[in-house]
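Report on the structure given below.
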Amino acid sequence: MTKTIAAAAVAATMAVSMGACAAQTNPFGLVYQNAITKNEPGKVNIHQVTYELHGLKIAANVYTPAGYDAKKSYPAIVIAHPNGGVKEQVAGLFAERLAGKGYITIAADAAYQGASEGEPRHTDKPQFRTEDIWGMTDYISTYPGVDAQRLGAFGICGGGGYTLNAVKADKRIKAVATLSMFNSGEVRRNGYINSGLETIQARLKEAADARQKEVTTGEISISGNVDFDKLTDEAIAKIPTDLYREGMQYYGRTHRHPNSTFAYTTSSLMDLMSWDARNQIELINVPLLMMAGEKADSLYMTEEAFKLATGTKDKELYKIPGATHIQTYFVPEYVDKELDKLTTFFGRTLK
């Protein structure tokens, strides 16, 4: 890690109060660094919108380029947030930065999560997360100024796995990119870095029991809950994997948002554990860019999916030098490299 990157990472980690306060002080609830605080003529603007998806009201942010003119024609990109994340965090950062490159972008909270509707809260099922991406595509394709023939998709972490799944079938999307892709089905089934292979059947039984409890008593069981207010720095430091250790800092400290949570309904595991982002990935026949940190302990998921994506010859795996998974979300030098790649990729494929 260079001194510049190290300094940026340390500064972000030390800003414990920044993330906790940013959602309240920013009028749009944005918690990423240097986020928009007001819409000004001649600059990138943010538009808070809602739309219906299968009877649920979805909350989203649309970003328009500087000098946006609804009578002109723009390419557009739908952006899917990480597991546990919301549109105001890393998805919003990339939505704003890509709008600065001339794209109309949209980042929406997943149904049942964030500011979007859906009960039980924290339901996390692959079919719903896939529909979220299709729903963003539906909405943005008819947005004033959008050229529906130039639509791209970009997914981050868990949103990357679901974006791959969405693009397998949705041929409206002409190019797809991922960052730090997290295959939610693989990890919920096998454990992170295959650490839970011996407990698969027991965890499936737990999920089925949780669903039965929902049916018989109406009580919802929750997994993955973390009380950030009670989580100590000492406890975070003891987490052995970079993804989860740095994730606790990112989501619980530096980029905290009240709508962001690691929680999911235990019964969701019935769906998650029997799903895999790699299944039928050869159906993707459009240009593919997959980016991940060179030092990320989650890199194996990107490499596995990339190898199996044989339906397109126009594909690239880019490993961000020196980066871990979470650092790809916010360290300025890494973000700039990723944006350079995305700008070149979408500039070529969404002409």
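Quick one: Karplus J couplings for the stretch 92-106, per residue in order, coefficients 6.51, -1.76, 1.60, θ = phi - 60°, nearest Hz, x for Gly and Pro?
Values per residue, Gly and Pro as x: x, 4, 6, 5, 5, 5, 6, 4, x, 9, x, 9, 8, 10, 9 Hz.
Counting only protein heavy atoms and a 1.4 Å probe, tell me what percentage of the chain's accessible area is made up of carbon and sulfur.
Result for the chain: 53 percent of the exposed heavy-atom area is carbon or sulfur.
With charges only on Cβ, +1 for K and R and -1 for D and E, what is the dipole size of the stretch 115-194 about its Cα centre, in debye, rounded to 20?
The calculated dipole for the stretch 115-194 is roughly 280 debye.
Gain in length, Asp336 to Lys313, computed as 0.36 nm per residue apart minus the alpha-carbon separation, to one decimal in nm?
5.7 nm
Counting helices only, and only those DSSP H runs with n ≥ 4, report the 222 nm mean residue ellipticity of the chain as the sum of -39,500 (n - 2.57) divided by its residues, in deg cm²/dmol to the nearest 500.
The helix-only estimate for the chain comes to -11000 deg cm²/dmol at 222 nm.
Send over a whole-number figure in Å² for the accessible area per residue of the stretch 309-351, probe 1.4 Å.
With the other protein chains kept in place, the stretch 309-351 gives 42 Å² per residue.
Can you quote the Å³ per residue value for the convex hull of the Cα atoms in the stretch 241-351, rounded to an integer?
So the per-residue Cα hull volume is 141 Å³.
Which links in Lys101/Lys341; Lys295/Lys315; Lys72/Lys101 stretch past 19 Å when you go from one Cα to the other?
As for pairs spanning more than 19 Å Cα to Cα, those are Lys295/Lys315.
Scan around Gly196 for amide H atoms under 5 Å from its own, H built in the peptide plane at 1.01 Å from N, and keep only partners 5 or more places away or cross-chain.
When sequence neighbours closer than 5 places are left aside, the close amide H contacts are Gly191.
Quick one: dipole size for the stretch 224-351, taken about the Cα centre, charges +1 on Lys/Arg Cβ and -1 on Asp/Glu Cβ, in debye to the nearest 20.
Magnitude of the dipole: close to 300 debye.
Keeping every protein chain present and rolling a 1.4 Å probe, give me the accessible area per residue for the stretch 148-270 in Å².
Ligands and nucleic acids excluded, the figure is 42 Å² per residue.
So, in Å, what gap is there between the alpha-carbon centers of the stretch 211-236 and the stretch 269-347?
29 Å
Cut-off under 23 Å on the C-alpha distance; same-chain residues fewer than 8 positions from Lys213 excluded. Which lysines are left, in chain and number order?
Partners within reach: Lys125, Lys205.
Once you order the gyration tensor axes a ≥ b ≥ c over the Cα atoms, which shape class does the chain get: rounded for a/c under 1.5, otherwise prolate or oblate by comparing a/b with b/c?
Rounded shape, in that the Cα axes give a/c under 1.5.
Taking the alpha-carbon distance from Lys174 and a cut-off under 16 Å, which aspartates and glutamates remain once sequence neighbours fewer than 8 residues away in the same chain are dropped?
Asp138, Asp147, Glu282, Asp314, Glu316
The values are calculated or read from the model by the stated rules, or taken from the named source; none is laboratory data. None of these values were measured; they are calculated from a predicted model. Every residue, glycine among them, receives a Cβ derived from its backbone with ideal geometry; neighbour counts consider all protein chains shown. Only protein heavy atoms, including side chains, enter the accessible area calculation; ligands, DNA and RNA are left aside. Shrake-Rupley method; radii C 1.70, N 1.55, O 1.52, S 1.80 Å.
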